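> Sharing a structure, written as structure tokens. Questions coming.
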Amino acid sequence: MLKSPQCLKFSAIALLGFTAPFASADQLFTNWSTAVVAGPGYTAGGGCSASCFAISDNFSNPGSWVVTDITFYVDSYSFATGNPSGWRYALFTAAGTQIVAPTDAGNSLVFTDTGTPGSFGGDEIYKGVISGLNITLPPDEYWFRFTNTQSSAVYPAYASSPSSQTLSPGFVQLTGSPTVEALLSTDVTQRTENWAFEVGGIGDRIFANGFEGP
């Protein structure tokens, strides 16, 4: 699954320095290039009455952004992605400050089946978009967290190749408990893969080469 570069609207200053075609003006960050693929099945869900998990990855912004949508990829099944309930997300600074407290995604989250097979048989890679956001982010590093409280059959899909915007330490899995929601957990397991996700919105973004890199 390849990205399709589109023309990016730039300010007059940016146009002086760049003449090549660029990605959509709404795309502010991406941590993948080339393709999104299935991989290790680190669950991103489950009910906390037993065992529950969330997944998280980081991004940064060089200037102030207004985030209007977050796009991410999961390896899952139609019974999970077709159910609008149970999907929750949160946004934190790298210092642990809550920007968006754990929130039900509800009808603001829409999944599209990419048609790419998953890792387990009968599962597919789905593109999820949380839209209708209005989150002002000053320059900083942030962590996007995501979970499904009703199903453990939800796993991250990965970047076959990370983009030049990808940050370390990158993708982690959070373990919740009956007393701590997974999205708020400090029980963190570092993983080596890159969870494929993107941030869209309004803000100055000067790209060095197409849809990648500052």
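> Within region 129-146, identify whether any single residue is touching a Pro at 6+ places or on another chain (Cβ under 7 Å) and within 30 Å of Ser64 (Cα to Cα), and answer yes or no.
yes
> Condition first: crowded, with 18+ Cβ neighbours inside 10 Å and at pLDDT below 95. Now tell me which residues in region 158-172 satisfy that.
Matches in region 158-172: Tyr158, Ala159, Pro162, Ser163, Gln165, Thr166, Gly170, Phe171.
> Condition first: farther than 23 Å from Gly45 by Cα and part of a strand (DSSP E or B). Now tell me which residues in region 125-159 satisfy that.
Ile135, Thr136, Leu137, Asp140, Glu141
> Of the residues that sit in region 39-83 and are of a type in the set (A, V, I, L, M) and under 15 Å from the mean Cα position of the chain (by Cα), which one is nearest to Leu184 (Cα to Cα)?
Looking at the filtered set, the residue picked out is Ala54.
> Where the second residue is open to solvent by 30 Å² or more (accessible area, probe 1.4 Å) and not polar (S, T, N, Q) and the first is free of Cβ contacts under 8 Å to residues at least 24 places away in the same chain and lies in region 86-104, which pairs have Cβ atoms under 8 Å and are six or more apart or on separate chains?
That search, which allows pairs on different chains as well, returns Thr103/Arg88; Asp104/Arg88.
Condition check ((1) farther than 23 Å from Gln190 by Cα; (2) in contact (Cβ under 8 Å) with a residue 24 or more places away in the chain; (3) surrounded by 18 or more Cβ atoms within 10 Å (Cβ to Cβ); (4) touching a Lys or Arg at 6+ places or on another chain (Cβ under 7 Å)) across all residues:
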{"site": "Thr112", "(1), (2), (3), (4)": "yes, no, no, yes"}
{"site": "Pro117", "(1), (2), (3), (4)": "yes, yes, no, no"}
{"site": "Gly121", "(1), (2), (3), (4)": "yes, no, no, no"}
{"site": "Pro139", "(1), (2), (3), (4)": "yes, yes, no, no"}
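> Might you check whether a residue that is of a type in the set (Ser, Thr, Tyr) and open to solvent by 70 Å² or more (accessible area, probe 1.4 Å) occurs anywhere in region 173-190?
yes
The values are calculated or read from the model by the stated rules, or taken from the named source; none is laboratory data. None of these values were measured; they are calculated from a predicted model. Positions of Cβ are backbone-derived with ideal geometry, glycine not excepted, and every protein chain shown enters the neighbour counts. Note: areas computed on protein heavy atoms with side chains; ligands, DNA, RNA excluded. Shrake-Rupley method; radii C 1.70, N 1.55, O 1.52, S 1.80 Å.
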